[in-house]
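Here is the structure we will look at, set down as structure tokens.
The values are calculated or read from the model by the stated rules, or taken from the named source; none is laboratory data. This one's a predicted model, so the numbers in the text were calculated from it and none came from an experiment. Ideal geometry is used to build each Cβ from the backbone, glycine not excepted, and the neighbour counts take in all protein chains shown.
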Amino acid sequence: MKHAENHRAIALLLSWGSTLSMLLIAAGIALTLWPLPPFSGSDIVRAGILVLILLPVARVMLMLAGFIGQRDRLYALIAVLVLMIIATGAWLG
Amino acid sequence: MEILWLFGAAFIASALGGVLGMASGIFIVPILTLFFHTSIHAAIGASIVSVIACSCASAAPFIRSRLTNIRLAILLETATTLGALSGVFLAGLISTRFLYGLFTAVLLISARQMLARRKEAVVDTELSSGSLASRLRLHASYPDSAGAEHRYQVGNVPLGMSLMYGAGLISALLGIGSGVLKIPAMDTALRLPIKVSSATSNFMIGVTAAASAVAWYSRGEIEVNLAGPVALGSVVGALLGARLLMWLPAEKLRLFFVAVLILLAFQMLMSTFGIHFPGDL
């Protein structure tokens, strides 16, 4: 059953994470159209985009935690590999 | 005011695509370059962000109904992210003209795929315990709407992985989810049931796109004021629009999309040779 619980956590992370980023982007756009100093609309949009880009990375980390919890070494290793590939892109990007 | 136009364009593309269960990512780059006159690089950066958004926002119901094969997804993601990484490095060496040409080809492939409907793969093999897929414990089952369990097996993993590498590469180069390339890989090489293959492909698209988006972001190539409204419009369009537009006749819409894809392919081909129209919007 541990398996199913991790699936539920992944589903929750993705739906709440994308909702948060969409709210940030919407708020940022609203502030760009109707400025309200000292807030910067594009900074808030940027924050929303960052949440979005990092969301799949967080999802892989959560999967990694799930595989470790199941003592599934092979798949934990595979998840680490995916994270390393993404990190290489960010680092050398 | 351009923000609202960007939002609206992404909303409409995504809502219409949603009726056919199709991701709108492929329309974003042509819309941005042709109608908003952005550079193709800025368009790709904005598009990849909206691809992540659509994948993440729609994933939860598929995971809850156990259609997404999580193990298969993470395994194939090693190939798609590696492909994306290669795409990021190749992008510096490739001319803008080549990108337009490649995009033209992908638009035409999409049009063709839209015309030919997907058929369920015929499962003819017995449980072969020696296959790589068996050793990796990839076979699984999913419940149908009546609650009955359907067991399925995963086919040729090495072939599937190589095709996924290609899909990741194209995804990074063009800023698309490249479901259009993942689906043949999943149908023909891995022989998954259609529902499982759609759910798993959609799940993987987010990580694949993030692999290149992280790199584009750290290069400073993602224009926030372009990417923000486009991502928001795509997600709202996919969530709301599809529901509002369900009354549209799917068959006519399918033909309309084929026509639009061919038209956009023609426009992108013109851009390949440096001819730009329709001018200003």
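Residues that are among the β-branched types (Val, Ile, Thr) and within 18 Å of residue B:57 (Cα to Cα) were ranked within segment A:19-33; the one that is nearest to the other protein chains (Cβ to nearest Cβ) is A:25. For segment B:64-111, a residue qualifies if it is more than 14 Å from every other protein chain (Cβ to nearest Cβ) and charged (D, E, K, R), and exactly one does: B:97.
When A:71, A:59 are checked against the criterion of being more than 10 Å from chain B (Cβ to nearest Cβ) and either part of a loop (DSSP other than H, G, I, E, B) or in contact (Cβ under 8 Å) with a residue 24 or more places away in the chain (or both), A:71 stands alone in meeting it. The residue that is surrounded by the fewest Cβ atoms within 10 Å (Cβ to Cβ), among those in segment A:8-18 that are facing chain B (nearest Cβ under 8 Å) and free of Cβ contacts under 8 Å to residues at least 12 places away in the same chain, is A:8.
From the list B:2, B:77, the lone residue that is more than 18 Å from the chain's Cα centre (by Cα) and either in contact (Cβ under 8 Å) with a residue 12 or more places away in the chain or surrounded by fewer than 24 Cβ atoms within 10 Å (Cβ to Cβ) (or both) is B:2. There is no residue in segment B:27-49 that is surrounded by fewer than 20 Cβ atoms within 10 Å (Cβ to Cβ) and in contact with a Phe, Trp or Tyr (Cβ under 6 Å, 6 or more places away or on another chain). Among the residues of segment B:242-250, are any assigned to a helix (DSSP H, G or I), more than 21 Å from the chain's Cα centre (by Cα) and within 16 Å of residue B:12 (Cα to Cα)? Yes, segment B:242-250 contains at least one residue that is assigned to a helix (DSSP H, G or I), more than 21 Å from the chain's Cα centre (by Cα) and within 16 Å of residue B:12 (Cα to Cα).
Only one of the numbered conditions (1) more than 9 Å from chain B (Cβ to nearest Cβ); (2) at pLDDT 95 or above is not met by residue A:36, and that is (2). For segment A:39-56, the set of residues classified as in contact with a Leu (Cβ under 8 Å, 6 or more places away or on another chain), among the aliphatic types (A, V, I, L, M) and within 7 Å of another protein chain (Cβ to nearest Cβ) consists of A:45, A:55, listed by residue number. Checking residue B:236 against (1) within 28 Å of residue B:101 (Cβ to Cβ); (2) assigned to a helix (DSSP H, G or I); (3) more than 13 Å from the chain's Cα centre (by Cα); (4) β-branched (Val, Ile, Thr), only one condition comes out false. Which one? Here residue B:236 meets the rest and fails (1). Selection of segment A:27-49 for residues being of a type in the set (A, V, I, L, M), in contact with a helix residue (DSSP H, G or I) (Cβ under 8 Å, 6 or more places away or on another chain) and without any contact (Cβ under 8 Å) to a residue 12 or more places away in the chain yields A:30, A:33. Going through (1) farther than 30 Å from residue A:30 by Cα; (2) away from every other protein chain (no Cβ under 14 Å) one by one, residue B:173 falls short only on (2).
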